[in-house]
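Enquirer: This is the structure I have questions about; it appears just below.
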Amino acid sequence: EGNPYTWWVGKANEKHYYWGGSGPGIQKCACGIERNCTDPKYYCNCDADYKQWRKDSGMLSYKEHLPVSQVVVGDLDRPGSEAKVSVGPVRCQGDRNYWNAASFVTSSSYLHFSTFQGETSADISFYFKTSASDGVFLENLGNTDFIKLELKSATEVSFSFDVGNGPVEIVVRSPNPLNDDQWHRVNAERNVKQASLQVDQLPLEVRKAPTEGHTRLELYSQLYVGAAGGQRGFLGCIRSLRMNGVTLDLEERAKVTPGVKPGCSGHCTSYGMYCANGGKCVEKYNGYSCDCSKTAYDGPFCIKDVGAFFEEGMWLRYNFHSPGTSMKDLVSRTLLSSADPEITAPDLSLNKEEVSFSFSTTKSPCVLFYVSSYTPDFMAVLVNPTGNLQIRYNLGGTKEPYNIDIDHRNMANGQPHTVNVTRNGRDIVLQLDHYPPTSYSLPATSDIQFNSPKALFLGKVIEIGKIDQDIYKYNTPGFTGCLSRVQFNQIAPLKAALRPTNASSHVHVQGELVESNCGASPLTIPPMSAATDPWHLDSVSLLFTTWVFNSLFTASADFPYNGQAIGDGVNRNSAIIGGVIAVVIFTILCTLVFLIRYMFRHKGTYHTNEAKGAESAESADAAIMNNDPNFTETIDESKKEWLI
């Protein structure tokens, strides 16, 4: 029960909770499968939490999840809690030729091999994957004889040859596209009696040979894999090419051939991490591209902010469901999941949602982000009259909406700010700018389902029916400023309004929306921890006191920001007031020291072990300086210093 403290990350960047000797989805170690764990109450030896070292080990053999790219071990912050982890090498076994592959990155690229010897029989098999609609797989020519395999269209593979009796062509037609960037198997055979062609598990196409005529295939040219004779070559990957039982070494030949690359691992394996912010890497045979359609970003690597400037009174509405849209489309577009695709829109509900955006404004109060529903449920992100951020949830079960107030930062200071809100059931995680995330929890009586989401609003709420009183007050005159990279689950409403997409029909804008990234600039300074942040409530007085005493005993005081601008929304008046207070305290302390010295300079008698010459010296310090050989400088009577 609960979430595991430890997991590992596999090939698709997914977490896995099973361990060596176990299997996917089981969430046990080998001892849990064999029922011989140290503590029978647990499914791993390490869960026993004994003082002695315990060990769980085994082989991870589900190859779709391998290799292991990361191991995360938690529960180590308790005294005496330790862990040791080792990950062994990935070991592969099987037919190496099965994965002997080459990538053809241009339509004119090809590999050449010695002439195919298939006079009376030919048995050719290979795998291919492509996104192109046509291209020649391979070809070998004679004077008039030839043999050729090609992708004629997105759904057709052709096997043609001529042994002297005229060209013969066999075509297999697939009901589904073959250029879907998935592996497909081709098997072509020819002997003196018949020829056949099969693609994947589609029906075998057979052509009988004529009873009379030529039977020998006489070829003289080299065997070309890819483009040949000026024809459009294959664009994609070919692997495990076997001709009459011999596997051709595509990888070795590709290493020395321009336009062809050995292997077919794909560019996304090496460069997919450059598709940022949830962008999906899409393979291309001369590179890769990033699909940003389900993100709030744009550009080649999904890092360009899509934002807009909102004038006073402007607003944007995104409808989760529009007339004429099937429920299946709605689910696929908005990720508002449902078990039954035939139910109506008001029956949808959300157990979790993720909201992220950035904004800048100088006016408050205002509504930044609002999600309405066909029920009283709603979610809102607001700036209250004092300039502080407020997250408001109403999911039912409570008399009043649940509020999260961020009271110690002014968000209406014209600086860009980033907001990330994630809710999963009752748990809410809020992150502002680059500060550490903060966790909250809905009241125990609150529902955890966001029932029947209806529409999303930016800048202002224009909704029929009853609206929360505070939101109604904040609605006038409306948001003025910049919003950028707005995303709700996988919906990007601002991007849908500014970029033509399938979701654009869901968007309605009041006013002229002007594209701008003014709400997405980075913060001017990095954030500080509470211990070093001079504006953190618990440390304000302590830091001011420290600043005062540093002024007394050092030549100059270094203010914590070293003259940099304050970027976390602190009111500039606070800094001015703090500086005035520090100067006043410093002045008072200097005055007190001077008065005390003046009042007691002639009172009382005392004995000291003073240095020689103290009687003639005007102070003990001067006597020490006069008699200590280390002090080689003399004091000029005209340049005496009085030290307080």
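The values are calculated or read from the model by the stated rules, or taken from the named source; none is laboratory data. Here the structure is a predicted model, which is why all the values come from computation and not from measurement. Positions of Cβ are generated from backbone atoms using ideal geometry, with glycine treated the same way; all protein chains shown enter the neighbour counts. Surface accessibility is based on the protein's heavy atoms, side chains included, excluding ligands, DNA and RNA. Shrake-Rupley method; radii C 1.70, N 1.55, O 1.52, S 1.80 Å.
Enquirer: Can you tell me how many residues in region 462-487 are in contact (Cβ under 8 Å) with a residue 40 or more places away in the chain, among the hydroxyl-bearing types (Ser, Thr, Tyr) and assigned to a helix (DSSP H, G or I)?
Expert: We begin by selecting, within region 462-487, every residue in contact (Cβ under 8 Å) with a residue 40 or more places away in the chain; these are 462-463, 466, 468, 470-471, 473-475, 477-487.
Those left that are additionally among the hydroxyl-bearing types (Ser, Thr, Tyr): 474, 480, 484.
With the extra rule that they be assigned to a helix (DSSP H, G or I), the set shrinks to 474.
Going through region 462-487 one residue at a time, the tally reaches 1.
Enquirer: Return the residues of region 426-461 that are among the polar types (S, T, N, Q), more than 29 Å from His508 (Cβ to Cβ) and not in a loop (DSSP other than H, G, I, E, B); say none if nothing qualifies. Explain how you work it out, then say what you get.
Expert: Filtering region 426-461 down to residues among the polar types (S, T, N, Q) leaves 431, 438-439, 441, 445-446, 449, 451-452.
Okay, now just the ones that are also more than 29 Å from His508 (Cβ to Cβ), so 431, 438-439, 441, 445-446.
Selection gives Gln431, Thr438, Ser439, Ser441.
Enquirer: Here's a follow-up. Got a sec? Which of Val68, Val87 is more than 28 Å from Thr257 (Cβ to Cβ), of a type in the set (Val, Ile, Thr) and in contact with a Leu (Cβ under 8 Å, 6 or more places away or on another chain)?
Expert: Val68
Enquirer: Further question on the same structure: Filter region 191-230 for residues that are assigned to a strand (DSSP E or B), modelled with pLDDT of 90 or more and open to solvent by less than 50 Å² (accessible area, probe 1.4 Å); which is nearest to Asn140 (Cα to Cα)?
Expert: Only one residue fits best here, namely Leu223.
Enquirer: Of the residues in region 231-251, how many are among the hydroxyl-bearing types (Ser, Thr, Tyr) and either on the phi > 0 side of the Ramachandran plot or open to solvent by less than 20 Å² (accessible area, probe 1.4 Å) (or both)? Full working, then the answer.
Expert: Residues of region 231-251 that are among the hydroxyl-bearing types (Ser, Thr, Tyr), as a first pass: 240, 247.
Within this subset, residues satisfying the condition of being either on the phi > 0 side of the Ramachandran plot or open to solvent by less than 20 Å² (accessible area, probe 1.4 Å) (or both) are 240.
Within region 231-251, residues that are among the hydroxyl-bearing types (Ser, Thr, Tyr) and either on the phi > 0 side of the Ramachandran plot or open to solvent by less than 20 Å² (accessible area, probe 1.4 Å) (or both) number 1.
Enquirer: On to the next question. Before we move on, is Val85 open to solvent by less than 100 Å² (accessible area, probe 1.4 Å), under 24 Å from the mean Cα position of the chain (by Cα) and modelled with pLDDT of 85 or more?
Expert: Considered against the rule, which asks whether it is open to solvent by less than 100 Å² (accessible area, probe 1.4 Å), under 24 Å from the mean Cα position of the chain (by Cα) and modelled with pLDDT of 85 or more, Val85 comes out as no.
This table checks each residue for (1) crowded, with 19+ Cβ neighbours inside 10 Å; (2) modelled with pLDDT of 90 or more; (3) closer than 19 Å to Cys518 by Cα.
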position	(1), (2), (3)
Thr361	yes, yes, yes
Phe378	yes, yes, no
Thr398	no, no, no
Asp405	no, no, no
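Enquirer: Still on this structure, please answer the following. Within region 470-481, identify whether any single residue is under 30 Å from the mean Cα position of the chain (by Cα) and of a type outside the set (Ser, Thr, Tyr), and answer yes or no.
Expert: yes
Enquirer: Filter region 61-84 down to the residues that are in contact with a strand residue (DSSP E or B) (Cβ under 8 Å, 6 or more places away or on another chain) and either outside the structural domain of Thr38 (by the TED database) or not charged (D, E, K, R) (or both) and list them by number.
Expert: His65, Val68, Ser69, Gln70, Val71, Val72, Val73, Gly74, Ala83
Enquirer: Right, another one. Report, ordered by the first and then the second residue, all pairs with beta carbons closer than 9 Å, sequence separation of six or more or different chains, a first member in region 88-114 that is surrounded by 22 or more Cβ atoms within 10 Å (Cβ to Cβ), and a second member that is assigned to a helix (DSSP H, G or I) and small (Gly, Ala, Ser).
Expert: Ala101/Ala254; Ala102/Ala254; Ser103/Ala254; Phe104/Ala254; Leu111/Ala254
Enquirer: Answer yes or no as to whether Lys152 is part of a strand (DSSP E or B) and either open to solvent by 40 Å² or more (accessible area, probe 1.4 Å) or assigned by the TED database to the domain that holds Lys63 (or both).
Expert: Against the criterion (part of a strand (DSSP E or B) and either open to solvent by 40 Å² or more (accessible area, probe 1.4 Å) or assigned by the TED database to the domain that holds Lys63 (or both)), Lys152 qualifies.
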